[in-house]
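J.: What follows is a single structure, and I will ask about it in a moment.
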Amino acid sequence: MSLNILNETATVAEEPRPRASGRRKVLINGLIGLALTVVCLYLAFRGIQIDEVMNSLSRASYAGIPLYLLLLVVFFWLKAIRWKLLLLPLHNFRTSEVTPAMMIGFMGNNVLPAHIGEVVRVLMLTRRFPLSKTAVFSTVMMERLLDMLAIMVFLVLGAEMSGSELPDWLRHGSLIVGFGCLAAIIGAAVFGLFPRFFLGIVAKLGSRIPERLAAGVLSAMTSVSHALGLVRNPRILLAIVSISLLKWVLMAGMVYVSLRSFGLDLPFSASLLVLGICALGVTVPSTPGFFGVIQLSFWVGLQFFGVDKVDAVASSVYYHLAQYIPVTAVGLYYLNRQGISLRQVRSLTD
């Protein structure tokens, strides 16, 4: 869900850039993310005290944690199935084969800067299986586009169902992101349907640029065309779209459980609205784990329902940590099983 995905494609290229360049890019993104996180935390906690948030957390009911964790497990199970389906043109994986790389990637998003977990996911899968990094990364890009489109739909639905009047910046932002994702998905589908036509154009244009660069571009686009071959199978495409919608309904259910744990008797549409705002929020650079961004997003969404700011921030902490801790733990578990340290993962992305 991040604009950094455009920058990350260079990191995953078949011929990596010099390490110094990668480190400099990560440092710059990390500093930008830190600044934005500080701003988000300031706005989220402005006017309230941390003690008030802690008191609200102490009064919350934690009986819903088992349901929350069940929804979280099913969410990632569906996500693994969808990634397996997206990877079908490259290799017929079992769900259990893609799960470790996927969970290590999400752990990476929680502990590494610049949303770099998506790059980690690609590197972990291609480290174990001889696949093109560019082709695998194209499936991750498709995931992002499908997710953003689904969440933007839920954002609009949440606002309409709850009768909330979205501010112009939020309404316009959701429309821009939604239409942008839809346009990108359509473009990818057309490319997947007619790969020879577009590759022929690239080959002709390649005569005007250096031979090595032209060969690299053509090789990358050929790999991507293989990954997008699934658009020629309507049944698989329908399954992917259906899973994309269902898994975000489950995520909205996690938001709903978080709100009810604080005695906030709100309609499910409120959870859809908050989820959509969170999705927009995490597109900006931030520190690992999206701290500050999630808290501010909850407050922005819940203020339309008259929720006290202390309870809004406290429910965001509940929602956030109930995901952050198990996802990070599972990712570290899979990383340890593969005999790789976190430092080694970090060095792979430099």
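J.: On full extension of the chain, what length is gained from SER96 through ASP51, given 0.36 nm per residue of separation minus the C-alpha to C-alpha distance?
T.: Computed gain between SER96 and ASP51 is 11.9 nm.
J.: Going 7 Å from the Cα of LEU69 along its beta-carbon direction, which residues of segment 261-282 have the amide nitrogen within less than 20 Å of the resulting point?
T.: In segment 261-282, the label zone of LEU69 (backbone N under 20 Å from the point 7 Å along Cα→Cβ) covers 261-262.
J.: How much length is gained if the chain between PHE268 and ARG128 is pulled fully straight, taking 0.36 nm per residue apart and subtracting their Cα-Cα distance, in nm to one decimal?
T.: 46.3 nm
J.: Could you tell me the calculated FRET efficiency between ARG59 and LEU245, based on Cβ-Cβ distance and R0 = 35 angstrom, to the nearest 0.05?
T.: 0.50
Just so you know, all these numbers are worked out from the coordinates, no wet-lab data involved. Source: prediction; values computed, not measured. Cβ atoms come from the backbone with ideal geometry, glycine included; neighbour counts cover every protein chain shown.
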